[in-house]
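Student: Encoded as structure tokens, here's the structure I'll be asking about.
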């Protein structure tokens, strides 16, 4: 009940934050238009929305930095892009509170609904960024502000990603609502405007900023209305579940009351208190035996009692267990230090709690949640120990399956970037396998190897923000097109840079640095040598090796002789020389991976 009450309080906070975010998004867009028009447009609307933001902050301390930014906007002493960046960071910081809330939720249905809500919120924020960026562009009435345009195109990529995630988590009811929005003429007008400017051919914008702001705000308001409806749905579910738990508590209290009443009556009617105690103890023992895995040991740790559940889960008979130590079911994965801590605790006459992995008679394993209690006599001396266990094997396996599912989702996101550039999923599979093998041979630790292998498929996820006419162009890119193409590293980095999850931190490094070159001639930051993270150096070699041997829209696959010659030539230039040496020392292993995960191999397996 306390967890649900906390969650309900958090949902009300989310509702308040959502309202504040909506008003900050409006203030951001109006500020861009005000600055772009040099103070001639949006002044009254900006004053009104600022009052709404201040009202949202009534329970918080108004940010001094916000007041400072407003002052600079009023005096036209700040650029539209700087103003836009400040509001965007403030909004993203507020939205991170949504994600923190989901970490405390075990209810699958509720977790799914909150994920859908968060994706909807990210969609609204992306549309807000698009609105603010173009409002600044249209209000200027001068040369196209490319920084604001790039912000808008990046936000479009974020919007598309959040939209796909929303489709995967939302209910049929909200899908219908979203369908009505995205099929409206206003929504199509927004998409047409983005498409028109994504070609980078317009020099001076001519659109009416007031009309643009009105249309985009109408669409964002509809999304905001869906957000509020989601919160109402989530609160309704929480209240329903709380009511159900309250009824269960009342029922259990009543049952407990009648049990206690029965115990009082039994104590009153039975004359022999010793017999009464023995009878009750036997009932308690039977209840524990029926519900838990139980064993008892003497002071030296030799088993003196096991129940049927212990025998069933371990595969041993009572005769095989009595007189033995618990080492008979000890699994090799359990460190000796865990049992040392256990003995120190129970010999100090304190209960010990822990999770233990045990081995069955046939060599299988099971995992139990254990409570070991020392049993003391009337002198306070230890007589024996009793251990009560609950089987959590299925739960642990489910958690492991969820981890595998997360890794699979990361892999599928990597395939999205490759699919947009007309590549197959086999490219990201091979890059992941090459990267994993290089990391092992290089001597990275197990965690680094695991995260690198799982995150390397994401190296080109930033391509979701690159326009199709550039990404899929069969010929050579122009200088301007190449400049846009190179921004996919920044786009990918922006997706993951603020995450505190190790896997997503790894993905941020890889997306940002896999096009850096060892001699410092790469991009986006021209890092050199070991300034480039080992993740980036490994993924660079794996990606280029596979790309050279694959057909692309702009080239044919190279033969092995030509590929190997280039890798040797680029040793110390493009690639880490140590990694190149490792590659050729174990060339047969890399070629085996290429063959095992080729499109031809997959075809043969299917047929």
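Any read-out appearing in this document is the output of simple, stated calculations on the displayed coordinates, not a laboratory observation. These figures come from a predicted structure and were not determined experimentally. Methodologically, a virtual Cβ is constructed for each residue, glycine included, from the backbone with ideal geometry; neighbour enumeration extends over all protein chains shown.
Student: Arrange 158, 334 by Cβ neighbour counts within 10 Å, fewest through most, would you? Display every interim value, and only then the final one.
Tutor: Numbers: 158 21, 334 15.
Least crowded to most crowded, the residues run 334, 158.
Student: When each pair of different Cα atoms in region 2-245 is counted once in the 1/r mean, what is the Kirkwood radius in angstroms, to one decimal? Can you show the working numbers first?
Tutor: Values: mean 1/r = 0.0534 Å⁻¹.
So the Kirkwood estimate lands at 18.7 Å.
Student: Arrange the following residues from fewest to most other Cβ atoms within 10 Å of their Cβ: 241, 501.
Tutor: On the way: 241 17, 501 11.
Listed from fewest to most nearby Cβ atoms, that is 501, 241.
Student: Work out the FRET efficiency for residue 82 and residue 347 from their Cβ-Cβ distance, taking R0 = 56 Å, and round it to the nearest 0.05. Kindly include the intermediate steps, with their values, before the conclusion.
Tutor: Values: r = 65 Å, r/R0 = 1.16.
The value I calculate is 0.30.
Student: At a 10 angstrom cut-off on C-beta neighbours, averaged per residue, how do the peptides 215-225, 159-169, 534-544 rank from highest to lowest?
Tutor: On the way: 215-225: 18.5, 159-169: 17.0, 534-544: 24.5.
With the highest mean Cβ count within 10 Å placed first, the list reads 534-544, 215-225, 159-169.
Student: Output needed for region 419-537: three equivalent-ellipsoid semi-axes, defined as square roots of 5 times the C-alpha gyration tensor eigenvalues, in descending order, whole Å.
Tutor: The equivalent ellipsoid of region 419-537 has semi-axes of 24, 16, 14 Å.
Student: If R₀ is 45 angstrom, what is the calculated FRET efficiency for the pair residue 573 and residue 237, using the beta carbon separation as r and rounding to 0.05? If you can, show how the numbers build up before the last one.
Tutor: Details: r = 59 Å, r/R0 = 1.30.
About 0.15, to the nearest 0.05.
Student: With a bin width of 5 angstrom, please list the P(r) values of region 91-186 as percents of all Cα-Cα pairs, from the 0 bin to the one holding the largest distance.
Tutor: 3, 12, 18, 20, 17, 13, 8, 5, 2, 1, 0
Student: Which semi-axis lengths, in whole Å and largest first, follow from the square roots of five times the eigenvalues of the Cα gyration tensor of region 293-391? Don't skip to the end; give the middle numbers.
Tutor: Numbers: eigenvalues 96, 49, 25 Å².
Three semi-axes, in Å: 22, 16, 11.
Student: Okay, next question. Can you put 485, 123 in order of Cβ neighbours within 10 angstrom, beginning with the fewest? Walk me through the numbers on the way to the answer.
Tutor: Values: 485 17, 123 23.
So the residues, fewest neighbours to most, are 485, 123.
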